[in-house]
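The values are calculated or read from the model by the stated rules, or taken from the named source; none is laboratory data. The model shown is predicted, which means the values in this text are computed figures rather than measured ones. Cβ: placed from backbone, ideal geometry, glycine included. Neighbour counts: every protein chain shown.
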Amino acid sequence: MAEPEFQLLDPLPGTRVRLRFSGLFQGRPVVWEATLLAAAEWVTPQTPGGRRFIEVGPESAPGRRPVTVGLHLAEIDRPTVIKSLLMVRQYRLLREGRKEFG
């Protein structure tokens, strides 16, 4: 299986990794401006058991939409980037706002 196409904007591995990739949002083509966060970037003493999340923001420009994914991992590596990208692309019920899971 071929690796999905994406534009990596930060070096790997890291605790905060930005990338761009194409997909669909509510049936329309979109360029996702994604930020993947390792636990060190979003789990705080006030939220020690914070739940993983996907947060879809408002359109930043025509056809562009930010999405942030918070994961319980020490760092973000290439396999995590690919799994996260596929998760966003395949999640058919994504809506603007924050969705916690796990």
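Restricting to the range 31-45, and then to whatever is small (Gly, Ala, Ser) and without any contact (Cβ under 8 Å) to a residue 40 or more places away in the chain, can you tell me which residue is nearest to Gly63 (Cα to Cα)?
Selected residue: Ala38.
Kindly evaluate Ala2 against the criterion of being closer than 23 Å to Gly102 by Cβ and at pLDDT below 95. Talk me through it step by step, then tell me what you get.
Details: closer than 23 Å to Gly102 by Cβ: no; at pLDDT below 95: yes.
The answer is no for Ala2.
Regarding Glu33, is this residue crowded, with 17+ Cβ neighbours inside 10 Å and charged (D, E, K, R)?
It is true that Glu33 is crowded, with 17+ Cβ neighbours inside 10 Å and charged (D, E, K, R).
Would the range 62-81 turn up any residue that is at positive phi and not in a strand (DSSP E or B)?
Within the range 62-81 (the criterion being at positive phi and not in a strand (DSSP E or B)), the answer is yes, since at least one residue qualifies.
Give me the residue from the range 75-93 that is over 11 Å from the mean Cα position of the chain (by Cα) and modelled with pLDDT under 95 and, out of that set, surrounded by the fewest Cβ atoms within 10 Å (Cβ to Cβ).
Ranking the qualifying residues of the range 75-93, first place goes to Leu93.
Could you check the range 56-69 and list, in sequence order, the residues that are surrounded by 14 or more Cβ atoms within 10 Å (Cβ to Cβ) and either among the hydroxyl-bearing types (Ser, Thr, Tyr) or at pLDDT below 95 (or both)?
Once the filter is applied, which keeps residues that are surrounded by 14 or more Cβ atoms within 10 Å (Cβ to Cβ) and either among the hydroxyl-bearing types (Ser, Thr, Tyr) or at pLDDT below 95 (or both), the range 56-69 yields only Thr68.
Kindly list, by first and then second residue, each pair from a residue in the range 73-102 that is under 23 Å from Ala40 (Cα atoms) to a residue that is in a helix (DSSP H, G or I), limited to pairs with Cβ atoms under 9 Å and residues at least 6 apart or on different chains.
Going by the 9 Å Cβ cut-off, the qualifying pairs are Leu73/Ala39; Leu73/Thr80; Ala74/Ala39; Ala74/Ala40; Glu75/Ala40; Ile76/Ser84.
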